[in-house]
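**Student:** Quick one: this structure, given as structure tokens, is what I'll be asking you about.
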Amino acid sequence: MLTNRPLIAAHFWLAFIVFGVALVLGAWQMFVRSPLNAWHFNPEFYYRSVTAHGSAMGYVFPTLIAMGFGYAITEASLEKELIGRRWAWAGFLLVAVGAVVAMIPVSLGLASVLYTFYPPMVGNPFYYIGVVMVVVGSWIWVALMVTNFVIWKRENPGKPVPLAMYANVAGSLLWGWTAVGAALEILFQILPVALGLKSTIDAGLARVFFSWTLHAIVYFWLIPTYIAYYTIFPRAIGGRLFSDAMARISFILFVVVAMPIGVHHLFADPQVGAGFKFMHSVFTGLVALPTLLTVFTICASAEIASRLRGGRGAFGWIGALPWSNPIMLATALSLVMLGFGGAGGLINMSYQLDATVHNTQWITGHFHLIFGGAIVIMYFAIAYDLWPHLTGRALDSFGLMRTQLWLWFVGMIVTTFPWHYVGILGMPRRMAYYDYANPAVSPQAVSVTMSAIGGFILLLSGLLFLLVLIRGQFGARGEAGAYRFAVPLHMPARIPVALNSFGLWLALMVGLTVVNYGFPIAQLMALNETSVPAVYVGASR
Amino acid sequence: MASETDHSLGEAVAARVERRWATLSIIIVGLLVGMAAYIGIHQATMPQGRVETADPKTLHLSGEFIESNLGSEMQADGSVTVRAIGQQYSFTPQCIVVPAEMPITFRATSADVVHGFLIEGTNVNTMLVPGYVTDLPVRFKAAGDHVMPCQEFCGIGHQGMWGKVKVIDKAAFRDLAAAKRRLTCVD
């Protein structure tokens, strides 16, 4: 029962338009920095493009997906209309206007600082103001998710909150708190300098604040994908969810341990001591736990579906899965990419191994495989699954969908595997071009060319995806019925309070963040003379 | 249609399988964290222990990062200290000379924005954050030439910020160090 269809459709459409534009930029970047391009071009355009690509793909696209999907989950799983429809539209407008406000200075070359900001470089203030508007818009969504959750619980005492909604609220709480790090950095450190009120900034402290956001934001991107694994995938292939309780535990683990691990991005930084780097390394290991639990539950759910269809044998059941179903295909390809990406993540988590790959193309390969691969392919699946319910029209170009998903998978592997490889060779990231004539660099040329070809395959797949959605807007009319989520194999009669609420987990989330970030932040704030002169970018001051 | 007992039996099996997997997952994670901790303690590849500061506004006027003090220096204890600075868009010294098979300490900082360097073909990889001093123990196994790119975005000239590292024979380095206090490749 989706009442606010235009609201949800607006989020998804804007998300995918932003994605399409950023994808074109990404493919262009892959091309210009590869040996396929002739030698000379203005490197400043490259950094403009990277700033736009990162800001769009990191801040705008997944945020809109989480918001739109969150509204859909609220209405479908709680079986009532969303409370706060006007606020939801206000949040959407803030995100949309914020994205435009941020992108104008970026496209003019006034804020080529990349989406990770990199103070003491400081760009045009409107870039940061736009990003803040996007975040504030998403915070309205966080407040709405919590409000709808609390009111439903009050109206339904003793009843378990549907898993999809519980996970959705977990994601919103995680985002609400993790965005605080970057918000502190922008509001108290960067914006005063960008507006000319101050001329110095503590770059080390800014990096610590940003790391608070930078890692957990990945789990915010990931939560819609995991919701799709748990609540869409088993239903779509005609099976049951193996375990409702384990699903809740996985989402709770993300809420609790996603935050106090961000310093693993600063392993090589001089402004954080060894002790806290070790603490964050350990917690980074812990965050692998919910993913290991998820992989098990999802594979078990797939086995149930297969055996219901007559699948036999220890491994024979895999062949009996409904492989022509796009959701089946997307989930399987997503799990393969999650496996490779997750293994890379476990390598990055240790200080010793990270030293060989820190800030090399390995890292670029790693997060493109996890986010662009495992996560985004499930965004496609969510859209395919939800579209008929939003448009009231059939979405039946299944062959095209399968081609699109396969192309995305192949493109992502062809892009990221050579990236990982040249990273091990020591190729640095974020460079507009490389001197392939240098004997030290020339062995990397073939791999970079392969990556660029992968980028073109991804572009083709992205265009096919948009084509499928557009065709869906003009398909045959047909009522898709109520939007449903997967039913667990054994529905527990009673759910422990801890698995149906967030009080304890919120306390742990904030507490652990304070424990793991409190001292490094306090130490840097107490240190004198660490503020350094700002370096203004793209401005003639 | 399954009977009530079948259902609760199935539930018990599901719970048991799930518990086993959860236990195995915890063991896997524990093992990985344990390995990292063990290697950190026993092979001393741990990050720098304490936070040191250096003011980029006065780097060139006083302190250990004045220009005449940059380069490789032989210490009384037989180790080598390399002092270097990163700035938009070069390193000083632009070419670093170090001995093979000797303990070396890199001490470096940034004069403007955030930089970093890695030495290709080695595990040397660190960040230079303005305001802070990076202190990194390293050891090169063999003589040879390496490129040393800046690996952190530092502005529109970032792609041109490549330094060099020349690793030379221990004895040859000692000869050079006897003649001059601070060494770079350009000497």
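**Student:** How far is it, in nm, from the label point at A:A498 to the one at A:K159 when both lie 7 Å from their Cα along the line to the Cβ?
**Tutor:** 2.6
**Student:** Oh, and also: Please report B:R139, A:R484, A:R154 as a ranked list, fewest other C-beta atoms within 10 angstrom at the top and most at the bottom.
**Tutor:** Ascending Cβ contact count within 10 Å gives the list A:R154, A:R484, B:R139.
**Student:** May I ask for the angle, rounded to the nearest 10°, between helix A:445-473 and the longest principal axis of chain A, with both axes built from Cα atoms and the value confined to 0 to 90°?
**Tutor:** With rounding to tens, the tilt is 40 degrees.
**Student:** Still on this structure, I have one more. So, counting K/R as plus one and D/E as minus one, what does the shell of residues with Cβ under 12 Å around A:T213 add up to?
**Tutor:** That sum, taken over residues with Cβ under 12 Å, equals 0.
**Student:** Mind listing P(r) for the range A:298-374? All alpha-carbon pairs, 10 Å bins, whole percents.
**Tutor:** Going from the shortest bin to the longest, the percentages are 18, 35, 22, 18, 6.
**Student:** List B:D135, A:D354, A:D435, B:D175 from most exposed to least, where exposure is judged by having the fewest other Cβ atoms within 10 Å.
**Tutor:** B:D175, A:D435, B:D135, A:D354
**Student:** A further question on this structure: Connecting C-alpha atoms closer than 10 Å in a GNM of chain B, tell me which of B:R107, B:R83, B:R50 has the biggest fluctuation.
**Tutor:** Looking only at B:R107, B:R83, B:R50, the biggest GNM fluctuation is shown by B:R50.
**Student:** Calculated FRET efficiency, A:V514 and A:A343, Cβ-Cβ r, R0 45 Å, to nearest 0.05?
**Tutor:** 0.90
**Student:** Over the range B:52-179, what is the mean sequence separation of C-alpha contacts under 8 Å (at least six apart), divided by residue count, expressed as relative contact order in percent?
**Tutor:** This gives 26 percent for the range B:52-179.
**Student:** Moving on. What's the exposure ranking of A:S211, A:S112, going from fewest to most Cβ atoms within 10 Å?
**Tutor:** Exposure proxy ranking, most exposed first: A:S211, A:S112.
**Student:** With N set to the residue count of the range A:39-146, report its C-alpha Rg divided by 2.2 N^0.38 Å to two decimal places.
**Tutor:** 1.26
**Student:** In addition: When the Karplus curve 6.51 cos²θ - 1.76 cosθ + 1.60 is applied with θ = phi - 60°, which whole-Hz ³J(HN,Hα) does each residue of the range A:167-183 get, with x for Gly and Pro?
**Tutor:** After applying 6.51 cos²θ - 1.76 cosθ + 1.60, I find 5, 4, 5, 4, x, 5, 5, 4, 5, x, 7, 6, 5, 4, x, 5, 5 Hz.
**Student:** Also, quick follow-up: Let me check I've understood the local charge: for A:Y47, count other residues with C-beta under 15 angstrom from its C-beta, Lys and Arg +1, Asp and Glu -1. What total comes out?
**Tutor:** Counting the neighbours of A:Y47, the net charge comes to +2.
**Student:** May I pose another question? In a shell of Cβ-Cβ distance under 14 Å around B:G163, excluding B:G163 itself, what net charge do Lys and Arg (+1) and Asp and Glu (-1) give?
**Tutor:** Surrounding charge for B:G163 is -1.
**Student:** Could you pull out the chymotrypsin sites (Phe, Trp or Tyr not before Pro) across the range A:5-57 that fall in loop regions by DSSP (anything but H, G, I, E, B) with no more than 14 other Cβ atoms inside 10 Å? Don't skip to the answer; put the middle values down first.
**Tutor:** On the way: sites: A:F12, A:W13, A:F16, A:F19, A:W28, A:F31, A:W39, A:F41, A:F45, A:Y46, A:Y47; in loops: A:W39, A:F41.
Loop-located and lightly packed - A:W39, A:F41.
**Student:** Among A:365-377, A:502-514, how do they line up from the highest to the lowest mean number of other beta-carbon atoms within 10 Å?
**Tutor:** Most protected by this proxy first, the peptides run A:365-377, A:502-514.
**Student:** Give me D for the range B:52-179 in µm² s⁻¹, whole number, from Stokes-Einstein with Rh from the Kirkwood sum over alpha-carbon pairs, 25 °C and 0.890 mPa s.
**Tutor:** The calculation lands on 167 µm²/s.
**Student:** Here's something else I'd like to know. Fully extended, how many nm does the chain gain between A:W87 and A:M525 (0.36 nm per residue separation, minus their Cα-Cα distance)?
**Tutor:** Values: separation 438, 0.36 × 438 = 157.68 nm, distance 3.67 nm.
Full extension from A:W87 to A:M525 adds 154.0 nm.
**Student:** Apply the Karplus parameterisation 6.51 cos²θ - 1.76 cosθ + 1.60, with θ equal to phi minus 60°, to every residue of the range A:102-111 and state each ³J(HN,Hα) to the nearest whole Hz, in sequence, with x for glycine and proline.
**Tutor:** Along the range A:102-111, the couplings run 6, 7, 5, x, 5, 6, 7, x, 9, 8 Hz.
**Student:** Next question. For chain A, what's the relative contact order in percent, using C-alpha pairs closer than 8 Å and at least 6 residues apart?
**Tutor:** Numbers: 858 pairs, mean separation 111.4, N = 541.
After rounding, I find 21 percent.
**Student:** Which whole-percent values make up P(r) of the protein assembly as shown when all C-alpha to C-alpha distances are grouped in 20 Å steps starting at zero?
**Tutor:** Distribution as computed: 17, 50, 27, 6, 0 percent.
**Student:** Using only the Cα atoms of the range A:149-236, what semi-axes does the equivalent ellipsoid have when each is the square root of 5 times a gyration tensor eigenvalue? Give whole Å, largest first. Don't jump to the answer; show the numbers that get you there.
**Tutor:** Numbers: eigenvalues 282, 51, 14 Å².
After scaling each eigenvalue by five and taking roots: 38, 16, 8 Å.
**Student:** How many Cβ atoms of partner chains, on average, are near each residue of A:41-49 if near means within 10 Å of its Cβ?
**Tutor:** Per residue, the average neighbour count from other chains is 2.
**Student:** Check the protein assembly as shown for me: any Cys whose beta-carbon has no other cysteine beta-carbon within less than 4.7 Å?
**Tutor:** Cysteines of the protein assembly as shown left without a disulfide-compatible partner: A:C299, B:C150, B:C154.
**Student:** On a 0 to 90 degree scale, rounded to 10, what angle separates helix A:61-78 from the longest Cα axis of chain A?
**Tutor:** Helix A:61-78 and the main axis of chain A meet at about 20 degrees.
**Student:** May I ask what percent, to the nearest 5, of DSSP beta bridges between residues of chain B are antiparallel? Walk me through the numbers on the way to the answer.
**Tutor:** Details: 26 of 38 bridges.
Taking every DSSP beta bridge within chain B, about 70 percent pair in antiparallel fashion.
**Student:** Still on this model: Starting from the Kirkwood radius over alpha-carbon pairs of the range A:250-331, derive D by Stokes-Einstein at 4 °C in a medium of 1.567 mPa s and give it in µm² s⁻¹.
**Tutor:** 83
**Student:** Can you pull the mean other chain C-beta count within 10 Å for peptide B:104-114?
**Tutor:** 3
**Student:** Check the straight Cα-Cα distances from B:K166 and name the lysines below 29 Å, setting aside those fewer than 8 residues away within the same chain.
**Tutor:** Answer for B:K166, where 29 Å is the Cα cut-off: B:K141, B:K180, listed by chain and number.
Every number here is computed from the coordinates shown, using simple stated rules; none is lab data. Because the structure is a prediction, the values reported are computed rather than measured. Don't worry about glycine lacking a Cβ; one is built from the backbone with ideal geometry, like all the others, and counts go over all protein chains shown.
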